[in-house]
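Asks: If you scroll down you'll find the structure; I have some questions about it.
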Amino acid sequence: MTNIDELFVAIREGDRAALARAITLIESRRSDDHAMRLELLELCHTDSTDSLRLAVTGAPGVGKSTLIEGLGLNFIENGAKVAVLAIDPSSTRTGGSILGDKTRMTNLSKNESAFIRPSPSSGFLGGVAEMTRETILLCEAAGYNRILIETVGVGQSESSVSQLTDLVLYVAISGAGDSLQGIKRGILETIHVVAVNKNDGSNERASASFAADLRNSLKLLKGSGPAAEVLLTSALTGNGVHELAQTIERLCHSLKDDDSFQSRRLDQRRLWFDDAVNYLLEQRISSDPRLFELKTALKGKIESEGTNPYAAALSLVNAILGS
Ligand SMILES: Nc1nc2c(ncn2[C@@H]2O[C@H](COP(=O)(O)OP(=O)(O)O)[C@@H](O)[C@H]2O)c(=O)[nH]1
Ligand SMILES: [Mg+2]
């Protein structure tokens with residue numbers, strides 16, 4: 001039996017093993033851990049406003065992890081504490097990417113001021129978001145003030161990660177078909193900074209013209225608002241990484257100077273509430289065989305008997321309320 005108060009004190013004191021244990025507790029999702037989880041979250045409740053939550057997204061292999069190592073070390077040089085959460089939806093299947101991510105960040109992982117947590121997404125709907133929100137709060141309670149969240153830029157993960165973060169960094173490379181057309185529109189609008197990475201060796205010319213194209217397209221797309229900034233980086237040589245870190249810090253400051261930072265966080269807290277209600281209702285249903293059977297039966301009726309979905313939902317909700 002874990003003593004949550006003791007665990008929390010250890011987290012606050014910067015004990016990384018304690019933080020790792022707490023995250024494991026959050027991720028376990030065992031129903032008998034439910035009370036402990038809640039207790040832990042209550043303790044971490046205060047939303048840290050001196051932190052920056054940065055999403056780092058982009059296709060596999062573009063250099064996100066390598067760039068995070070460089071960015072993280074830059075932030076640390078400026079006095080920050082850096083937590084890296086790598087969420088890879090594909091890693092539950094292959095297991096490979098997570099190992100890859102770790103080896104790309106050897107210097108960062110050796111640094112006293114860094115905490116790296118590769119997390120396979122647990123696979124259930126909304127799982128990435130739910131677990132990550134709680135993990136962010138734990139890291140902030142432990143004093144980490146630069147939270148970098150790496151996700152693979154495919155599928156749903158990147159749009160949900162923008163709902164958990166203050167800024168979104170998109171990592172792209174020239175060629176490889178990774179043009180603007182390849183980026184889904186809804187995602188493009190959530191991006192604050194683009195790093196055109198692998199700007200080294202024979203790639204340099206193509207990178208520069210790709211970056212220019214991106215700047216033009218992003219300007220058109222944004223209309224009157226500020227367009228996402230495009231920077232050239234080489235995570236391998238380190239060129240441009242310091243400038244990228246500075247740009248991110250500058251954007252962070254300007255967001256905090258007006259209301260947008262706080263209002264975005266508030267929107268995210270509202271969304272968390274909605275997601276949590278849905279999640280808890282789902283849990284209630286799946287932990288009660290009678291409700292679970294009713295739900296399955298109602299779904300069957302929608303398919304086979306043409307039952308009205310609204311009416312079916314109403315009878316399920318009534319059954320939950322009456323149970
Ligand atoms: N030439 C070059 N290679 C890079 C650069 N950044 C990363 N790589 C290499 O690209 C591969 C994938 O990098 P990784 O950081 O794991 O990409 P991720 O899948 O986006 O996290 C590795 O072999 C890196 O060494 C860069 O700026 N230039
Ligand atoms: Mg990676």
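Just so it is clear, none of the values below were taken in a lab; they were calculated from the coordinates. Since the structure is predicted, the reported quantities are computational estimates derived from the model, not experimental observations. Here the Cβ positions follow ideal geometry from the backbone for every residue, glycine too, while neighbour counts run over all protein chains shown.
Asks: Using a Förster distance of 22 Å, how high is the FRET efficiency between Thr24 and Glu282, based on the Cβ-Cβ distance and rounded to 0.05?
Replies: Taking R0 as 22 Å, the efficiency between Thr24 and Glu282 is 0.45.
Asks: Run the numbers for Phe292 and Glu42: contour at 0.36 nm per residue of separation, minus the present Cα-Cα distance, in nm.
Replies: On the way: separation 250, 0.36 × 250 = 90.00 nm, distance 2.98 nm.
Between Phe292 and Glu42, full extension yields 87.0 nm more.
Asks: Net charge near Gly322: determine it from the other residues with C-beta under 12 Å of the C-beta of Gly322, scoring Lys and Arg +1 and Asp and Glu -1. Intermediate results must be reported in sequence, preceding the final value.
Replies: On the way: positive: Arg290; negative: Asp288.
Residues close to Gly322 contribute a combined charge of 0.
Asks: Please find the FRET efficiency linking Leu314 to Leu271, where r is the Cβ-Cβ separation and R0 is fixed at 22 Å, and quote it to the nearest 0.05.
Replies: Working from the Cβ atoms, E equals 0.35.
Asks: Could you give me the percent of Cα pairs per 5 Å distance bin for segment 210-323, shortest bin first, beginning at zero and ending with the bin that holds the maximum distance?
Replies: 2, 9, 10, 11, 11, 8, 7, 6, 7, 11, 11, 5, 1
Asks: Starting from the Kirkwood radius over alpha-carbon pairs of segment 1-45, derive D by Stokes-Einstein at 20 °C in a medium of 1.002 mPa s and give it in µm² s⁻¹.
Replies: 206
Asks: Which value, in debye to the nearest 20, gives the size of the charge dipole of segment 1-45 about its Cα centre, when Lys and Arg are +1 and Asp and Glu are -1 at the Cβ?
Replies: Rounded to the nearest 20 debye, it is 200 debye.
Asks: Can you tell me the length gained on complete extension of the stretch Gln246 to Asn216, counting 0.36 nm per residue apart and subtracting the Cα distance?
Replies: So the chain would gain 8.6 nm between Gln246 and Asn216.
Asks: Between Asp32 and Ser109, take the C-beta separation as r, use R0 = 22 Å, and let me know the FRET efficiency to the nearest 0.05.
Replies: The value I calculate is 0.10.
Asks: Just tell me which aspartates and glutamates come within less than 19 Å, Cα to Cα, of Lys301; anything on the same chain fewer than 8 places away is out.
Replies: Partners found: Glu293.
Asks: Taking the Cβ of each residue in Leu167, Leu40 as the centre, tally the other Cβ atoms inside 10 Å and list the residues starting with the fewest.
Replies: Fewest-to-most ranking of Leu167, Leu40: Leu167, Leu40.
Asks: While we're looking at this one, here's another question. So if I place +1 on the C-beta of Lys and Arg and -1 on the C-beta of Asp and Glu, and nothing else carries charge, what would the dipole magnitude of segment 269-322 be about its Cα centre? I want it in debye, nearest 20.
Replies: Dipole about the Cα centre, nearest 20: 140 debye.
Asks: Right, next: Size of segment 231-285 along its principal axes in angstrom, Cα-based, largest extent first?
Replies: Taking max minus min along each principal axis of the Cα atoms, segment 231-285 gives 53, 31, 11 Å.
Asks: Excluding same-chain residues fewer than 8 positions from Lys256, which lysines have a Cα within less than 29 Å of its Cα?
Replies: Cross-link targets: Lys64, Lys81, Lys184, Lys219, Lys222.
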